[in-house]
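Taking it in order: structure first as structure tokens, then the write-up.
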Amino acid sequence: MTGQKASNELRVAIAGLGSIGTKIASALDQGIEGLTLSAVAVRNPAKHQAFIDGLRRPPQIVPIEQLGEVADIVVECAPSSQLRAIVEPAVKRGKAAVVVSVGGLLDNFDLVDLARANGGRIIVPTGALIGLDAVNAAAIGNIHSVKMVTRKPIDGLKGAPFIVENNVDIDNLREPLKLFEGTAREAAKGFPANLNVAVALSLAGVGPDRTSVQIWADPTVTRNVHRIEVETDSARFSMSIENIPSENPKTGLITALSVIALLRKQRATLCVGT
């Protein structure tokens, strides 16, 4: 029966069936060891009915605040404005919440205390970045500095609050334009749909106020390009990744794959990486 827990399987629910949520739902439906897709929450059920009906084991559709009742792990794949409504009920019930819109977590950081008080967990996937395991390890020692430079195609930046509020015209750019330089916390406010990577990096390392970020609108690139430089007492390392955008130009294809990899780890016999 849909939503019921088989033997020792972990039930996974997904909030949002956009470019990320549909890929995660399909992967769960095709089979991930020890996991089952129990429920989804969507703003417009009729719009997604055909996709849901096409799954081998269609999950039930429930309101977002009820996801924690029918799942052990709730995966947030919705606009960051919905983060609290999705995560709070889950962690209050002692469940795990996987947060994709991690930029929104900075404004709702009390959810971490709420999770701690109720035995819940908040898990941030690596997402569109590489090397968070190295940053996590370095943070056990002493990190001196973390710098990130992001270059995005024009379409991936349109509509960002920073661009709208400052009346920046990026439509007719012929060469790269530096839009922003500041902290990860400031970047997340100005570019909430674009800078989840910077916030995840900051939480793995020295925090959102000590992580420095540059954002460039770059008409010469077709991929979302991130370069990170880290200075620590244990190592100096730099990382660069060029992510192919998904159907949503603000989101890289690798983001959904990262969440699927994280879910596979929950019950995997062999785990590689911290």
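The values are calculated or read from the model by the stated rules, or taken from the named source; none is laboratory data. Bear in mind the structure is a predicted one, so any value in this text is a computation, not a measurement. FYI the Cβ positions are ideal-geometry reconstructions off the backbone, even for glycines, and counts take in every protein chain you see. SASA here: full protein model, heavy atoms, side chains in, ligands and nucleic acids out. Shrake-Rupley method; radii C 1.70, N 1.55, O 1.52, S 1.80 Å.
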With every protein chain left in place, what is the accessible area of residue 23 in Å² (1.4 Å probe, nearest 10)?
60 Å²
Counting Lys and Arg as +1 and Asp and Glu as -1, what is the net charge of the other residues whose Cβ lies under 13 Å from the Cβ of residue 117?
+1
What number comes out for accessible area per residue over the range 49-95 if the probe is 1.4 Å? Units Å², please.
45 Å²
Label-point gap, in nm, between residue 274 and residue 55 - each point 7 angstrom along Cα→Cβ
3.4 nm
Cα-Cα over 20 Å: which of 147/178; 23/152; 158/178; 158/189?
23/152
Solvent-accessible area of residue 84, probe 1.4 Å, all protein chains present, reported in Å² to the nearest ten, please.
70 Å²
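Nearest 20 debye, what's the magnitude of the dipole of the chain about its Cα centre given +1 on Lys and Arg Cβ and -1 on Asp and Glu Cβ? Mind showing how you got there, number by number?
Values: 29 positive and 27 negative charges, 111 e Å.
Here the size comes out at about 540 debye.
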Hand me the GluC sites (Glu not before Pro) from the range 1-79 located in a DSSP loop with no more than 13 other Cβ atoms within 10 Å, in residue order please.
33
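Please report the net charge: other residues with Cβ closer than 11 Å to the Cβ of residue 17, K and R +1, D and E -1.
+3
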Coil-residue GluC sites (Glu not before Pro) of the range 165-255, DSSP, other Cβ within 10 Å capped at 15:
247
For the chain, what does the relative contact order come out to in percent, with C-alpha contacts under 8 Å and a separation of six or more?
19 percent
Looks like the range 1-102, by Cα gyration tensor root eigenvalues a ≥ b ≥ c and the a/c under 1.5 rounded cutoff (else prolate when a/b is bigger than b/c, oblate otherwise), is oblate
Note on the chain, DSSP bridge orientation, antiparallel percent to nearest 5 equals 50 percent
Just how much of residue 144 is accessible, in Å², when a 1.4 Å probe is used and the result is rounded to the nearest 10?
100 Å²
Run the accessible area of the chain with a 1.4 Å probe and give the carbon-and-sulfur part as a rounded percent.
50 percent
Tell me, in nm to one decimal, what length is gained between residue 44 and residue 220 on full extension, where the rule is 0.36 nm per residue of separation less the Cα-Cα distance?
59.7 nm
